[in-house]
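Inspection log for the structure reproduced underneath, given as structure tokens.
Laboratory data are not the source of any read-out in this text; all were calculated from the coordinates shown. The structure presented is a predicted model; accordingly, all values stated were derived computationally and were not measured. A quick note on method: Cβ atoms are made from the backbone with ideal geometry, for glycine too, and the neighbour counts reach across all protein chains shown.
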Amino acid sequence: MAIPESKDALLAAMRKNADVLSKKLAQLPAEKAFEPLIEGHCAGSTISAAQLVSYLIGWGNQVLCWHAQEAAGETIAFPAEGYKWNELGKLAQKYYADYACINCWAEFIASLEENQRQLIALVERYSDDELYHKPWYGKWTRGRMIQFNSASPYKNASGRLTKLLKSLA
């Protein structure tokens, strides 16, 4: 799928990639969800499917946070409060820790699905012009920043899960 360049294309990519991801997550046996069997976000590391979902929820919530900060008239903390763009590995570790207290696979899936609904609702609030016809962060449009942290990582996570599912077969 091409990089979205419109609101409709972004929503389609988000929905399609979330649907594919959901199907992969549903195939994973719950007893394997918390075992570190997936290549991690930091070189040489391994993570569990639960941590992978934590990462997706963390970034989704970060996008929602940016928009809440903007709506409140605050300076947006990119990529996140206390982190720089060259510290994304540390930020991934934070996201894993943020959800480490969840020990039920079904709860992880439900949290991810709710996060996805919130992100779609966010996109639906904006016009095509607001999403794609003016820079929002540096050279990046709002739509591109949302896509970087929703549809793209969903697709990446699906690929990681495909490898995991093949190894378990």
For this session: Would you check if there is a residue in the range 124-134 being exposed (fewer than 13 other Cβ atoms within 10 Å of the Cβ) and outside any loop (DSSP other than H, G, I, E, B)?
Result: yes
Exercise. Would you pick out the residues in the range 71-104 that are over 17 Å from the mean Cα position of the chain (by Cα) and of a type in the set (A, V, I, L, M, F, W, C)?
Worked result: ALA71, ALA72, ILE76, ALA77, CYS101, ILE102, CYS104
Exercise. Within the range 138-152, is there a residue that is aromatic (Phe, Trp, Tyr) and buried (at least 18 other Cβ atoms within 10 Å of the Cβ)?
Worked result: no
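Yes/no matrix, rows are residues, columns are (1) of a type outside the set (Val, Ile, Thr); (2) in contact with an Asp or Glu (Cβ under 9 Å, 6 or more places away or on another chain); (3) closer than 27 Å to LEU21 by Cα:
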position	(1), (2), (3)
ILE76	no, yes, no
LYS84	yes, no, no
GLU87	yes, no, yes
ALA92	yes, no, yes
ASP98	yes, no, yes
PHE108	yes, no, yes
SER111	yes, no, yes
Exercise. Pick from LYS7, LYS94, LYS23: which is among the basic types (Lys, Arg) and within 20 Å of ALA121 (Cα to Cα)?
Worked result: LYS7
